[in-house]
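The structure appears right after this line, and notes come after that.
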Amino acid sequence: MSIIRKTAADFRVAPNFADYERERAAFSWRAALQEVAGAGGRVNLAELAVDRHAGSGLRDKPAFRFLERGCAPRDLSYGELSRLTNRFANVLAGLGVKRGDRVFVIAGRIPELYVAVLGALKNGSIVSPLFSAFGPEPIATRMNLGGGSVLVTTDLLYERKVAKARERMPTLKHVLLVAEDGGTTDLPDTLDLATLMAAASEQCETAPTGPEDMALLHFTSGTTGTPKGAIHVHGAVATHWATGKYALDLHPEDIFWCTADPGWVTGTSYGIIAPLLHGVTSVVDREEFDAERWYAILQDEGVTVWYTAPTAVRMLMKAGAEIPAKYRFPELRFIASVGEPLNPEAVRWGKEVLGLPIHDNWWQTETGGIMIANTPAFDIKPGSMGRPLPGIDAAIAKRNEDGSLTLIDTPDVEGELALRAGWPSMFRGYLNNEERYRKCFAGPNNEWYLTGDLAKRDADGYYWFVGRADDVIKSAGHLIGPFEVESALMEHPAVAEAGVIGKPDPVVGETVKAFVSLKQGYTDSEALRMELLGHARKRLGAAVAPKEIAVLPSLPRTRSGKIMRRLLKARELGLPEGDLSTLEGGA
Ligand code: ATP
Ligand code: MG
């Protein structure tokens, strides 16, 4: 495996993070919070993200640039965003919506979503943005779990997904609608948002929330089971700010594009809050993935920092090399990715096609922000998710049967990835599931948060993802991480994506079965499948390589883009498919 070395020539702009050890030693969360929020103890995510800049030289700078097919780009400045979010906070207050009340937002990536999320935070309400592709059932389940009293959505989404299910949402009091045609709406039992906004004042006293006040509810992706609701607080701002600085290298002059939808934690922490905290301009595209369109956005908007996901990278790889050859990305200077392990092949592809390596980073809904990352401060080992950021202590741990925890210091030994509890964006609970929350913590004083992911740390302190604790395959006494097998398959030129499962076997415990989809220009055949099995055996050895392989048109994915191995397995074994609310293309 070849290391991608960093040299001064790799940086057109002096990076925020250059000396790993020194920055970690000097860092404290208290100082970070003070730098972004001051010393008074008052911490409101939206005030810090928006109003801090609206009152400064950034007032007329675009905070967001909204793109939509067939429409001219629409810029929203920090000043306008401040005024609109004030109006929205006043709309809520006028309806009697209070601090701590739950506001759900279901809209595509339209300006009103961003205004509603930030305005609700200003009102001290707790916000939960949901993915607009959810059907009525997943919406009702989440709304009830979160006790939503306000819903902001569009007239079309309301009619399709909420109206009929409304009597099953007993906590829901107010529905505020955005007319998708830009006019007003008058559907029964709803309010027209544009009318309320026009009548609301532009002045507002932001709720004087503190760092421990609840701010956001995010549901997990449902990759391993029923999605869980994670509670986050306003103090998370320190993590959003610090990770924007260290892991995304945000500088004020950047044009930043986070491709995640705010229905997932990435689309809120890094699609809304972190870039605003750094005073940058964010590009927001309303459309779904389209290789040609995405390359055009990188080029035409002059994106400088791009935060995307392995699934998108794999789809770009699948679409072939001809499309990017038509575009130029001279402004692009830093690329990062999150959500799934990033195969070494994809890291190298970035360097070849976009001229830059892709920096993988690791975190989860529960952590609220990036924890372990490849950063400008050190070389990339393709396939590794990097090193813990300043303020984050990570460990490889093993839970013992008596409930105690052993930390594994020896390099290259697999165990559960653990983080020392107490970073500001750590979740403060799972909705209605206190017991499950408690079980995530172990060690003396419960000081370690256990992530449910298996990983290894090498002698240089780099972390390597092995697999979800639930996905690891036990075969003839070996523990096989699906990621290793999938990465080996991805090295074959025909393979676009790979998902690997364990199949029960009376002799060896489990055997490895791989599912792949193919790149443009390749078709399924017995010969190709034999070739892929041979390739994997050569790379991995017979004990680890798959015994069986199947070719699918595409692999089942969550709406946040993660391969659903549990569904591949359930289908293979004829077992119940479980919660499919987050399955892409599902209801
Ligand atoms: P659920 O908890 O409902 O099963 P989920 O864990 O996929 O869903 P998220 O919180 O959206 O929900 O995803 C976090 C998980 O995604 C991590 O725990 C990890 O398994 C995986 N992940 C995220 N980033 C990376 C990465 N860079 N490398 C490997 N895995 C990653
Ligand atoms: Mg999870």
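General observations
- Subset of the stretch 528-556 (residues that are within 21 Å of VAL313 (Cα to Cα), open to solvent by 30 Å² or more (accessible area, probe 1.4 Å) and not polar (S, T, N, Q)): VAL551, LEU552, PRO553
- Set VAL283, VAL338: member being surrounded by 20 or more Cβ atoms within 10 Å (Cβ to Cβ) and in contact with a Leu (Cβ under 8 Å, 6 or more places away or on another chain): VAL283
- Subset tally (residues that are within 13 Å of ASP412 (Cβ to Cβ) and part of a strand (DSSP E or B)) for the stretch 455-466: 6
- Checking GLY229 against (1) in contact with a strand residue (DSSP E or B) (Cβ under 8 Å, 6 or more places away or on another chain); (2) within 27 Å of PHE134 (Cα to Cα); (3) more than 16 Å from ligand 1 (Cβ to nearest atom), the condition it does not meet: (3)
- When THR406 is tested against (1) modelled with pLDDT of 95 or more; (2) on the phi > 0 side of the Ramachandran plot; (3) more than 13 Å from ligand 1 (Cβ to nearest atom), just one condition goes unmet, and that condition is (2).
- Residues that are within 14 Å of ligand 1 (Cβ to nearest atom) and either open to solvent by 30 Å² or more (accessible area, probe 1.4 Å) or over 28 Å from GLY422 (Cβ atoms) (or both), drawn from the stretch 458-471: TRP464, PHE465, ARG468, ALA469, ASP470, ASP471
- Every condition in (1) open to solvent by 20 Å² or more (accessible area, probe 1.4 Å); (2) of a type in the set (A, V, I, L, M, F, W, C); (3) over 21 Å from the mean Cα position of the chain (by Cα); (4) within 28 Å of MET214 (Cβ to Cβ) is met by VAL413 except one, and the failing one is (4).
- Meets criteria (of a type in the set (S, T, N, Q), more than 16 Å from ligand 1 (Cβ to nearest atom), within 30 Å of ARG30 (Cα to Cα) and in a strand (DSSP E or B)) for THR451: no
- Among the residues examined, ASN445 qualifies as exposed (fewer than 15 other Cβ atoms within 10 Å of the Cβ) and away from ligand 1 (no atom under 16 Å from the Cβ).
- Members of the stretch 39-51 that are more than 15 Å from TYR270 (Cα to Cα), modelled with pLDDT of 95 or more and out of contact with any His (no Cβ under 7 Å at 6 or more places or on another chain): ARG42, GLU47, ASP51
- Just one of the listed residues (ARG102, ARG42, ARG52) is basic (Lys, Arg), buried (at least 20 other Cβ atoms within 10 Å of the Cβ) and under 28 Å from PRO424 (Cα atoms), namely ARG102.
- Residues of the stretch 344-365 that are of a type in the set (A, V, I, L, M, F, W, C) and more than 14 Å from ligand 1 (Cβ to nearest atom): TRP349, VAL353, LEU354, LEU356.
Residues are listed down the side, and each one gets a yes or a no for (1) within 23 Å of LEU58 (Cβ to Cβ); (2) touching a residue at least 24 places away in the same chain (Cβ under 8 Å); (3) within 16 Å of the chain's Cα centre (by Cα):
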site	(1), (2), (3)
TYR246	yes, yes, no
THR259	no, yes, yes
ILE273	yes, yes, yes
VAL283	yes, yes, no
LEU298	no, yes, no
PRO310	no, yes, yes
ALA321	no, yes, no
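- Scanning the stretch 190-217 for residues that are of a type in the set (S, T, N, Q) and free of Cβ contacts under 8 Å to residues at least 40 places away in the same chain turns up THR190, THR195.
- Checklist (1) part of a strand (DSSP E or B); (2) modelled with pLDDT of 95 or more applied to LYS474, failing item: (2)
- Residues that are away from ligand 2 (no atom under 16 Å from the Cβ) and charged (D, E, K, R) within the stretch 339-369 comprise GLU345, ARG348, LYS351, GLU352, ASP360, listed in sequence order.
- Set GLU301, GLU288: member being within 17 Å of ILE110 (Cα to Cα) and either surrounded by fewer than 20 Cβ atoms within 10 Å (Cβ to Cβ) or among the aliphatic types (A, V, I, L, M) (or both): GLU288
- Residue in the stretch 170-177 that is out of contact with any helix residue (DSSP H, G or I) (no Cβ under 9 Å at 6 or more places or on another chain) and either in a loop (DSSP other than H, G, I, E, B) or closer than 27 Å to ALA32 by Cβ (or both) present: yes
- Residue in the stretch 380-402 that is within 16 Å of ligand 2 (Cβ to nearest atom), under 14 Å from the mean Cα position of the chain (by Cα) and in contact (Cβ under 8 Å) with a residue 60 or more places away in the chain present: no
- Scanning the stretch 452-475 for any residue that is of a type in the set (D, E, K, R) and closer than 19 Å to GLY403 by Cβ turns up nothing.
- Any pair with Cβ under 6 angstrom, 6 or more apart, that starts in the stretch 218-232 at a residue that is at pLDDT 90 or above and more than 11 Å from ligand 2 (Cβ to nearest atom) and ends at one that is in a loop (DSSP other than H, G, I, E, B) and not hydrophobic (A, V, I, L, M, F, W, C): ILE231/ARG428; ILE231/GLY429; HIS232/GLY368
Residue-by-condition table, conditions (1) in a strand (DSSP E or B); (2) within 22 Å of LEU250 (Cα to Cα); (3) within 12 Å of ligand 1 (Cβ to nearest atom):
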| site | (1), (2), (3) |
| --- | --- |
| TRP306 | yes, yes, no |
| THR311 | no, no, yes |
| GLY320 | no, no, no |
| PRO324 | no, no, no |
| LEU342 | no, yes, yes |
| GLY383 | no, no, yes |
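The values are calculated or read from the model by the stated rules, or taken from the named source; none is laboratory data. Being a predicted model, the structure only gives us computed values, none of them experimental. Counting neighbours? That spans all protein chains shown, and the Cβs are built from the backbone with ideal geometry, glycine included. Ligands, DNA and RNA are excluded from the accessible area calculation, which covers all protein heavy atoms including side chains. Shrake-Rupley method; radii C 1.70, N 1.55, O 1.52, S 1.80 Å.
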